[in-house]
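Take a look at the structure below.
The values are calculated or read from the model by the stated rules, or taken from the named source; none is laboratory data. These numbers were taken from a predicted model, which means no experiment stands behind them. Cβ atoms come from the backbone with ideal geometry, glycine included; neighbour counts cover every protein chain shown. Remember, those area values only see protein heavy atoms, side chains included, never the ligands or the DNA or RNA. Shrake-Rupley method; radii C 1.70, N 1.55, O 1.52, S 1.80 Å.
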Amino acid sequence: SSTQENNMFISRIFKQKILSASEPFSYKVRAPARVSIGKIKAHHFSFAVTIPALLLFNRSVCALSSSTLFSSLPDKKKFTMSSSSTFYSLDDLKNITSLQQILTHDGQTNKLSQILDKSIPVLSSKSHKGSSGRILVLGGSAKYTGAPYYAAMSALRTGLDLATICCANEATIPLKSYSPELMVEGVYLASEFDDNDNIGNDRLLKESLEKMVEKVTMNLDRMHSLVVGPGLGRCPHVLKATATIIQQAMKKDISIVIDADGLYLLSLEENRDMLLSGIIDKSSKSKIVLTPNVVEYKRLIETIGHGSEEDLRLKLPGVIIVRKGHHDVIEYSPRSHYLDGTTAQLTMICSEQGGLKRSGGIGDILAGTIGAFVAWNKILESSKKGKQCSDYKNDDRVDLVLACWIACCVTKRATFRAFEERKRSMTAPDILNYVGEVVDEISSSTIHH
């Protein structure tokens, strides 16, 4: 049957049944499709759609329009991928074990379980300490101690085993007092940098910078991911050492999430081409994720992109950019396209509803959550589990784009639940309390007792 007839049929179902339904019901549509609408509760409901050969995880076009399926939902949750009309909801991921296969246009099967296979590792009796992920957060200064705490704790609440924070010596005692779960190491004395700055002793300053770089890089080999920026501060000497650490991490093939003051570091003139030089190295397996808010993204455009958003993308091939906002936008321009001169881009949108209050620390929680999924991507990549669930078959970074989208959904949903409970009094610790709960809802099939 035609698309128009299907859309009219579904619309009629919605109009006739949505307000009166008290039990789950379903209807067969005049196409190889089945629409199931769950029990309505408080004017919200969930639904699952399986449309073989119609809802596709590639560049094909859906025969059933997304506007019809989503227009009647009070709480819209969807993402778009590339130029295709491919849609999944977070509830699809939550119900992964009960959904049928979704077939691609060319007839190859594409199970939703592949999404989890490439995003979240299995937790079983064979797991050992560290096998679920180890993360390093580089940040924390005498003034800012909350940001690295939220980043590291959100990574643990997401599901990683171990989190280490490398920070200013002045920040170690506050950070250690926040939680015994965190391993905290002071890697520089802020007062020492200040003294050297005043005295102008280049030799002592150089030694201090080298010690900071050495202390951090010594930890990198056993880490699955590195988060740079939360609470880092803008001391020029610290930023100089941090730039060297990022370069060393890229050489070691460590995947990096850069947030907050780490993004400011990239906007400095001496660092604007730092990522590009590592990215175009074909031997590099390091994966980079940037998490700018609106102001930080504009700064990146003005500096790295010289005022052009297109030029920014050309300067950051292979880098995943998570643009934070009302709807988080995850953008990725494949590195191969930079090398062959094309500018194709993959875009995913997280439309999960968050809380209305924008308290401090939410961005740090997102950075840590993304850092956890980046670590899992590294673990799964090394185990070579499953196949890519994208049509970029030769690009191992595409699965990380999906993982970043899931991380955004987790943070948004946790924020929403914290706000529903606390309203105006909501703060970042309230959000941390819900991160694990949301992850468990979508990853129950990855826990093997």
Which residues in region 421-437 place their backbone N less than 20 Å from a point set 7 Å from the Cα of residue 353 along the Cα-to-Cβ direction? 421-427, 431-432, 434-435, 437
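Provide the gained length on full extension for the span residue 234 to residue 194, in nm with one decimal, where the gain is 0.36 nm per separating residue minus the Cα-Cα distance. Walk me through the numbers on the way to the answer.
Values: separation 40, 0.36 × 40 = 14.40 nm, distance 1.25 nm.
Residue separation times 0.36 nm, minus the Cα-Cα distance, leaves 13.1 nm.
How high is the FRET efficiency from residue 268 to residue 382, r the C-beta distance, R0 41 Å, rounded to 0.05? Write out the running numbers ahead of the final one.
Numbers: r = 33 Å, r/R0 = 0.82.
After rounding to 0.05, the efficiency reads 0.75.
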Rounded accessible area per residue of region 114-272, 1.4 Å, Å²: 42
Let me cross-check residue 432: its accessible surface, 1.4 Å probe, with only protein heavy atoms counted, in Å² to the nearest 10? 10
Average Cα contact separation per residue, region 205-307, under 8 Å, 6 or more apart, as relative contact order %: 29
Mean-position separation - Cα centroids, region 319-333 and region 204-266, in angstrom: 23
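What does the highest-first list of 244-256, 265-277 look like by mean Cβ count within 10 Å?
Values: 244-256: 19.9, 265-277: 16.3.
Highest mean packing first, the order is 244-256, 265-277.
What is the gain in length, in nm to one decimal, between residue 221 and residue 169 on full extension, counting 0.36 nm per residue of separation less the C-alpha to C-alpha distance?
On the way: separation 52, 0.36 × 52 = 18.72 nm, distance 2.23 nm.
Residue separation times 0.36 nm, minus the Cα-Cα distance, leaves 16.5 nm.
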Given a 1.4 Å probe and the protein chains all in place, what does the accessible area of residue 215 round to, in Å² to the nearest 10? 80
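Tell me, what % of the accessible area of region 129-190 is carbon and sulfur with a 1.4 angstrom probe?
53
Round to the nearest 0.05 the FRET efficiency obtained for residue 302 and residue 129 when R0 = 60 Å and r is the Cβ-Cβ distance.
Values: r = 45 Å, r/R0 = 0.74.
The value I calculate is 0.85.
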